[in-house]
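Single-structure report; data block below.
The values are calculated or read from the model by the stated rules, or taken from the named source; none is laboratory data. Computed from a prediction, not measured in an experiment: that's the story for all the values here. Accessible surface is based on the protein model in full, side chains and every heavy atom, while ligands, DNA and RNA are left aside. Shrake-Rupley method; radii C 1.70, N 1.55, O 1.52, S 1.80 Å.
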Amino acid sequence: MELNFGGVVIMDYITFLTLIPILLYLILFGVGIYVLVLFIKLARRGIKALDLYIAEKSNRM
């Protein structure tokens, strides 16, 4: 059902306004997944660097 006030269709605006938060949540979800992947890559590099450091220190002693 569309309400028409002075040539302006109200339901189209309401439908559009309900899509904005949904799109925002989807975008934020995608960014969150991307940041999680980057953090996992960083953690893996940190673990490798720590393993190399420990191996180097244990070989010197």
Q.
Taking the conditions exactly as written (under 28 Å from the mean Cα position of the chain (by Cα), open to solvent by 100 Å² or more (accessible area, probe 1.4 Å) and at pLDDT 90 or above), does residue 53 satisfy them or not?
A. no
Q) From the list 29, 16, which one is at pLDDT below 95, assigned to a helix (DSSP H, G or I) and among the aromatic types (Phe, Trp, Tyr)? A) 16
